[in-house]
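Encoded as C-alpha cells, the structure appears first; notes follow it.
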Amino acid sequence: MKELNGIKYIERKPIIESENPQLFLLIHGYGSNEEDLFSFTPDLPETAHVISVRARYDIQFGGFAWYDISFENNEKYMDINQAVESREVLVGFIDAIVEQENLDSKNVFIAGFSQGAILSYSIAMNYPEKVKNVMILSGYPEYKIIGDFDQTKDFSNLNFFVSHGTEDVILPITAARLGKDLLNQLNIKNEYHEYRSGHGIDRQNYFDLMNYIKNAL
C-alpha cells in the first residue's frame, strides 16, 4: 500500500515499458476497498499503469466510502461536502501520480463503480481536460455533486462507457439513463449498455467493458 496526496493506493506498473504509459485509475464504491476493481488488472493493457485507490472515510462495519450516506425518515442523505472534497482530492491525485510516474496526461482512463462512478461523472464534467476515457459502472450523474459546471468547456476529447443493471435496486436504472441523456446533450462520445442484472458487473458487462478498453487504446 502506498500513499500520495492523502490517497492510499495499490498499483500494477506497466509490464511492457513505454514512454508516458496510460494511467488506469480504479475508483471503488461505498463499503468496498481498493482490492475490488483491482481484480480487473490481469485483463487490462500491459502498457498501462494501473492504480486502484482506497476511499477516504472508514465505515463502521468495514470498508470505505468517498462520502457518507445515511437514511433519515426514509430519505437518502449524502454528505455533498465530503463528496466534492473527495472529487477535488482525486483530481489532485491524478495530477500528482501522472507527474510522479511520468504518465500520459492526455490519455487517462478512470473507472468507477457505484459511488466511484458518481465521482467519475463529477470529475469528467468539471475537469474534462484531466481525463479521456471514463467508465461508469452502476452509477449516475448526481447533480448535487457535479455542481454548476461550465457547459461551454471542451468535452470533445471525452469517451464514456456506461453500464447498468435493469434490476439494480440500489441505484435504479432510471438514474443511469439520466447519464446517457446528459452525455448526448453535451455531444460527448459514449457507449451505453443495459443488462438484466442487479447492482454489479455480470459476464457480458465485463466482456463489453474490456472490448471498449481495447478500442479506446
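Annotation note: Cβ proximity below 9 Å between a residue of the range 158-186 that is polar (S, T, N, Q) and a residue that is surrounded by 22 or more Cβ atoms within 10 Å (Cβ to Cβ) and part of a strand (DSSP E or B) (sequence gap 6+ or interchain) occurs for 159/133; 159/134; 163/135; 163/136; 163/137.
Among the residues making up the range 58-72, those that are of a type in the set (Gly, Ala, Ser) and outside any loop (DSSP other than H, G, I, E, B) are 65, 70. Take residue 30 and decide whether it is of a type in the set (Phe, Trp, Tyr), out of contact with any His (no Cβ under 9 Å at 6 or more places or on another chain) and assigned to a loop (DSSP other than H, G, I, E, B). In short, yes.
For every residue, the table says whether it meets (1) under 22 Å from residue 138 (Cβ atoms); (2) free of Cβ contacts under 8 Å to residues at least 40 places away in the same chain.
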site	(1), (2)
15	no, yes
20	no, no
29	yes, no
37	yes, no
41	yes, yes
44	yes, no
55	yes, no
67	yes, no
75	yes, yes
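Would you call residue 64 over 14 Å from the mean Cα position of the chain (by Cα), more than 22 Å from residue 95 (Cα to Cα) and modelled with pLDDT of 95 or more? Taking the combined requirement at face value, the residue satisfies it.
Take residue 152 and tell me if it is touching an Asp or Glu at 6+ places or on another chain (Cβ under 8 Å), farther than 19 Å from residue 111 by Cα and among the β-branched types (Val, Ile, Thr). When the stated conditions are applied, residue 152 does not pass them. Residue check: is residue 42 in a helix (DSSP H, G or I) and surrounded by fewer than 19 Cβ atoms within 10 Å (Cβ to Cβ)? Yes, satisfied. Being charged (D, E, K, R), buried (at least 16 other Cβ atoms within 10 Å of the Cβ) and touching a helix residue (DSSP H, G or I) at 6+ places or on another chain (Cβ under 6 Å) is the filter here; which residues of the range 121-155 pass it? Of everything in the range 121-155, those that are charged (D, E, K, R), buried (at least 16 other Cβ atoms within 10 Å of the Cβ) and touching a helix residue (DSSP H, G or I) at 6+ places or on another chain (Cβ under 6 Å) turn out to be 130, 142.
Are any of the residues in the range 184-205 assigned to a helix (DSSP H, G or I), surrounded by 14 or more Cβ atoms within 10 Å (Cβ to Cβ) and over 16 Å from the mean Cα position of the chain (by Cα)? Write out each step before concluding.
Of the range 184-205, the ones assigned to a helix (DSSP H, G or I) are 184-185, 203-205.
If we keep only those that are surrounded by 14 or more Cβ atoms within 10 Å (Cβ to Cβ) too, we end up with 205.
Then keep just the ones that are over 16 Å from the mean Cα position of the chain (by Cα); that gives none.
Checking the range 184-205: not a single residue is assigned to a helix (DSSP H, G or I), surrounded by 14 or more Cβ atoms within 10 Å (Cβ to Cβ) and over 16 Å from the mean Cα position of the chain (by Cα).
For residue 61, the criteria (1) farther than 21 Å from residue 158 by Cα; (2) surrounded by 14 or more Cβ atoms within 10 Å (Cβ to Cβ) hold in every case but one, which is (2). In this structure, residue 55 does satisfy being part of a loop (DSSP other than H, G, I, E, B), crowded, with 17+ Cβ neighbours inside 10 Å and at pLDDT 95 or above.
The values are calculated or read from the model by the stated rules, or taken from the named source; none is laboratory data. If you're wondering where the values come from, they're calculated on a predicted model, not measured in any experiment. A quick note on method: Cβ atoms are made from the backbone with ideal geometry, for glycine too, and the neighbour counts reach across all protein chains shown.
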